[in-house]
Amino acid sequence: MSETTSTNEHQPLNGRRAIPPNYSNDEENEVPEMEAFGLIPRGFNPRDYLRVVDIYMFKEPHEINKQEHHTDKYYNPRLIVRRGQAFQIQIDFNRPYKPESDQFWLEFLMGRYPQQNKGTYIPILVGNALKPGQWGAKIIHRENNSIRLSIMSSTSCIIGKFRLYVAVLTPYGILRTRRNSATDTYILFNPWCQLDAVYLDDEKEREEYVLNDVGVVFHGNVEDVRSRSWSYGQFEENILDACLFLMDKAELELSGRGNPIKICRVASAVINSRDDNGVIAGSWTNTYDYGVAPSAWTGSVDILLEYYSSKQPVRYGQCWVFAGVFNTFLRCLGIPARLITNYSSAHDNNANLRLDFFLDDEGKVDTRLTKDSVWNYHCWNEAWMTRPDLPVGFGGWQVVDGTPQETSDGMYRCGPASVQAIKHGHVCFQFDAPFVYAEVNGDIFYTRMEKNGTQVIENIDTTRIGQLIVTKEVGGDGMMDITEEYKFREGSDEERLALETAVMYGVKKQSAQDTTYQPQTDVDMDFQAQKAVLGNDFKVTITFRNRSRNSYTATTYISGNIVFYTGVTKKEFKKHSFSVKLEPSSSSSFDMVIRASEYMSDLLEQASFHFFVTARINETGKILAVQKAVVLEIPTLRIKTKGELVAGKETSVIVEFTNPLKQTLENVMLRLEGPGVLRTIKKQFGRIPMNSTLTWEVKFTPMRPGSRRLIASLNSDALRHVYGELNVQIQKP
């Protein structure tokens, strides 16, 4: 128990605070077994008094505490309960307890410097009745030398691991039980309790947002929504301790750990490694030396356990990895949480609700000047809580984002920002609402730079950003469209009012009136791409509609770029100009074939393209512009099981993959995991020649019955983002 030296070196006492800061849930203080009131007479024998022989915590998954507190799924031998709800323990004494003469109480302690006013030292006297939402204990059963207690915890109690002592009063001092880690008690948030800040009133939603340990990540782009499974694994062994360690790492005072707002804010910083050596190092470079490619992870467990043991950032993550791990953290502590995908997400560097794409004289995008980018999609999280720090009406879902994009109060973090406040434009309310508002509401400006430096706005696209915002549906794997929770319908009066409110509260927005902008209104241009499979040729079509009575000629320029899913260009692989004649009151279409040989050598892992098409109407000098993201179809892994699946009995699963590319895949790595079924297994395969099939058989023993999911990923030099999944039903033995 003597972990006394480390903090003293780390944090010398100063004249400002009586005791050092209390950041660590793991550190302990010495608690005396005999606390004397003064001189002890020579004849005193502690054995003459009431003495605790044993404490029974009812902590097995099938026993009353874990069943009633919905904590029976945690692979953890200690007692885990939720705050604001009664739990039971049994104390065996050396003789029958006599209430008239014996006096004992319980003590819950946390950290190195337990203090009653900080909520880290909690003495509990035994009374006659329990009050809702307040600490207390009462005897519910007495038999021989044993008593059974019902203990109520406070609804604002700190979240974490408490040490339990039983103290007995004698005339000469207090006798305490020995330090015994088997009686340690974890206390978590309680979405089932009406007085808890994270109370959620719908049982199906609680099962989804707190107890479901598998989720779905939506990716791809707005015209082509893709999904893949993610294993949250919040109940797996050591994950709860790893999540508590994150709060120690973030140096959140123990006394602040009952507040979900504080916990979310510090966690959004510690999930990424920027500026605090947090959990995951982000990388958007397509080279992932000395680490794991973001697309290869199948869940959060490996990442959290690696960080918990090494204390060093785990390489590498991108937005869905940050969001997946953050979701595990929130659900593990009992805060209802869900993973959100925003399609066409604006990363607006100066938060002016305007993304500038600069064009040169010929109408091509000037990559030197263009700093803003549109992400095909961006993932963040929502956490459910009341917001007593904001006016009434802004509780409920809050945006929190662990992906490092911009700093907030000097650190890379984002949120919690009220979804309701974002929808209504009330972006003055903390934290980071203007940034999230811009992610879902920006306008795209196409601006041409004249030789003399003036800017001419050629085109404004007001509908592309934040077109679709989704999450996994409750109780199923389908997609739930929640766009309307973030914004009113495009063009409605309410939408305009929300925008005016946001501008009033300091969101910068330049209106089109400030600049010269006269678009060409009588010609429309549209761009469509055929559904395409990775490694194949595909066709794109540009269509013009001339609604005027004039003949026009248009000089058209198409640029095809290989991009990261963040919209940042890696390489222009196709450029083509042609001139078209637009007859009055008619439409004309032009096809172009994109060949696999043009794009395969530079393709990035999410197989994303970005096409810019610009056309100058020669007669008027006006420019039409359109941009579109195209994501190729990536082949999937096939998973099947052999024989029947029974808990505790060995069985095997087979993963298959056929290489569809016209090249050999090198450095192939497969991963397979399933929460509650099997821990992650990895296997390296040297190469898979074109058109050949790889088969991998894994033997495993499922641990518990019920409906479970297996998730697999394949990663190689030329091909990434390959997934497969299988729902399995594991029978009782």
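The values are calculated or read from the model by the stated rules, or taken from the named source; none is laboratory data. The model shown is predicted, which means the values in this text are computed figures rather than measured ones. Ideal geometry is used to build each Cβ from the backbone, glycine not excepted, and the neighbour counts take in all protein chains shown. Heads up: the accessible areas ignore ligands, DNA and RNA and are worked out on the full protein's heavy atoms, side chains in. Shrake-Rupley method; radii C 1.70, N 1.55, O 1.52, S 1.80 Å.
Listed values, structure above:
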read-out	value
Single unsatisfied condition, Gln234 versus (1) at negative phi; (2) surrounded by fewer than 22 Cβ atoms within 10 Å (Cβ to Cβ)	(2)
Filter pass, Lys571 being in contact with a strand residue (DSSP E or B) (Cβ under 8 Å, 6 or more places away or on another chain), closer than 25 Å to Arg720 by Cβ and open to solvent by 70 Å² or more (accessible area, probe 1.4 Å)	yes
Counted residues, the range 101-147 - those being touching a helix residue (DSSP H, G or I) at 6+ places or on another chain (Cβ under 8 Å) and crowded, with 18+ Cβ neighbours inside 10 Å	6
The range 54-67 residues that are modelled with pLDDT of 95 or more, paired with ones that are surrounded by fewer than 18 Cβ atoms within 10 Å (Cβ to Cβ) and basic (Lys, Arg) (beta carbon under 8 Å, 6 or more apart)	Met57/Arg78; Lys59/Arg78
Strands (runs of 3 or more DSSP E) wholly inside the range 427-504 containing at least 3 residues that are open to solvent by 50 Å² or more (accessible area, probe 1.4 Å)	479-481
Enumeration of residues in the range 170-205 that are out of contact with any strand residue (DSSP E or B) (no Cβ under 7 Å at 6 or more places or on another chain), closer than 28 Å to Lys131 by Cβ and among the aliphatic types (A, V, I, L, M)	Leu195
Members of the range 604-637 found to be open to solvent by 20 Å² or more (accessible area, probe 1.4 Å), touching a Ser or Thr at 6+ places or on another chain (Cβ under 8 Å) and charged (D, E, K, R), listed by number	Arg616, Glu619
Qualifying residue in the range 238-258 (condition: open to solvent by 40 Å² or more (accessible area, probe 1.4 Å), in contact with a strand residue (DSSP E or B) (Cβ under 9 Å, 6 or more places away or on another chain) and assigned by the TED database to the domain that holds Thr407)	no
Some residue of the range 388-397 being open to solvent by 10 Å² or more (accessible area, probe 1.4 Å) and of a type in the set (D, E, K, R)	yes
Residue satisfying condition, being modelled with pLDDT of 90 or more and either touching a His at 6+ places or on another chain (Cβ under 7 Å) or over 24 Å from Val374 (Cα atoms) (or both), within set Asp477, Asp526, Asp493	Asp477
Residue, nearest to Thr185 (Cα to Cα), within the range 92-129, restricted to residues that are in contact (Cβ under 8 Å) with a residue 60 or more places away in the chain and of a type in the set (D, E, K, R)	Glu107
Of all residues in the range 164-184 being within 42 Å of the chain's Cα centre (by Cα) and open to solvent by 10 Å² or more (accessible area, probe 1.4 Å), the one that is farthest from Glu35 (Cα to Cα)	Ala182
Of all residues making up the range 408-422, the number that are over 13 Å from Val270 (Cα atoms) and open to solvent by 40 Å² or more (accessible area, probe 1.4 Å)	3
Neighbours by Cβ (under 9 Å, 6+ apart or cross-chain): first from the range 34-47, assigned by the TED database to the domain that holds Pro171 and part of a loop (DSSP other than H, G, I, E, B); second modelled with pLDDT under 85 and not basic (Lys, Arg)	none
Within the range 588-609, tally of residues that are over 26 Å from Ala554 (Cα atoms), of a type in the set (A, V, I, L, M) and touching a strand residue (DSSP E or B) at 6+ places or on another chain (Cβ under 8 Å)	3
Identity of the residue in the range 626-668, among the small types (Gly, Ala, Ser) and in a strand (DSSP E or B), that ends up nearest to the chain's Cα centre (by Cα)	Ala629
Cβ pairs under 6 Å, 6+ apart, first in the range 685-697 and under 16 Å from Leu637 (Cα atoms), second acidic (Asp, Glu) and assigned to a loop (DSSP other than H, G, I, E, B)	none
Matching residues, the range 651-664, being out of contact with any Lys or Arg (no Cβ under 6 Å at 6 or more places or on another chain) and among the hydrophobic types (A, V, I, L, M, F, W, C)	Val653, Val655, Phe657, Leu661
In the range 294-313, the residues that are within 20 Å of Ala267 (Cβ to Cβ), small (Gly, Ala, Ser) and not in a strand (DSSP E or B)	Ser300, Ser309, Ser310
Residues that are surrounded by 16 or more Cβ atoms within 10 Å (Cβ to Cβ) and on the phi > 0 side of the Ramachandran plot, drawn from the range 683-733	His721
Any chance Phe394 is more than 15 Å from Ser268 (Cβ to Cβ) and part of a loop (DSSP other than H, G, I, E, B)	yes
Residue check for Asn277: in contact with a strand residue (DSSP E or B) (Cβ under 9 Å, 6 or more places away or on another chain), in a loop (DSSP other than H, G, I, E, B) and open to solvent by 10 Å² or more (accessible area, probe 1.4 Å)	no
Residues satisfying the stated conditions in the range 314-337, i.e. part of a strand (DSSP E or B) and open to solvent by less than 10 Å² (accessible area, probe 1.4 Å)	Val314, Gly317, Ala337
Count - residues of the range 338-365 that are of a type outside the set (Ser, Thr, Tyr), in contact with a strand residue (DSSP E or B) (Cβ under 8 Å, 6 or more places away or on another chain) and either over 30 Å from Arg616 (Cβ atoms) or assigned to a strand (DSSP E or B) (or both)	13
Options Gly291, Gly299, Gly363: the member that is of a type in the set (Gly, Ala, Ser), in contact with a Pro (Cβ under 9 Å, 6 or more places away or on another chain) and touching a residue at least 24 places away in the same chain (Cβ under 8 Å)	Gly299
Candidates Ile80, Ile89, filtered to the one that is under 32 Å from the mean Cα position of the chain (by Cα) and surrounded by 16 or more Cβ atoms within 10 Å (Cβ to Cβ)	Ile80
Counted residues, the range 465-487 - those being touching a Leu at 6+ places or on another chain (Cβ under 9 Å) and charged (D, E, K, R)	2
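Residue-by-condition table, conditions (1) in contact (Cβ under 8 Å) with a residue 40 or more places away in the chain; (2) in a helix (DSSP H, G or I); (3) not assigned by the TED database to the domain that holds Phe609; (4) not small (Gly, Ala, Ser):
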site: Ile151; (1), (2), (3), (4): yes, no, yes, yes
site: Ala167; (1), (2), (3), (4): yes, no, yes, no
site: Cys193; (1), (2), (3), (4): yes, no, yes, yes
site: Val210; (1), (2), (3), (4): yes, yes, yes, yes
site: Ser227; (1), (2), (3), (4): yes, no, yes, no
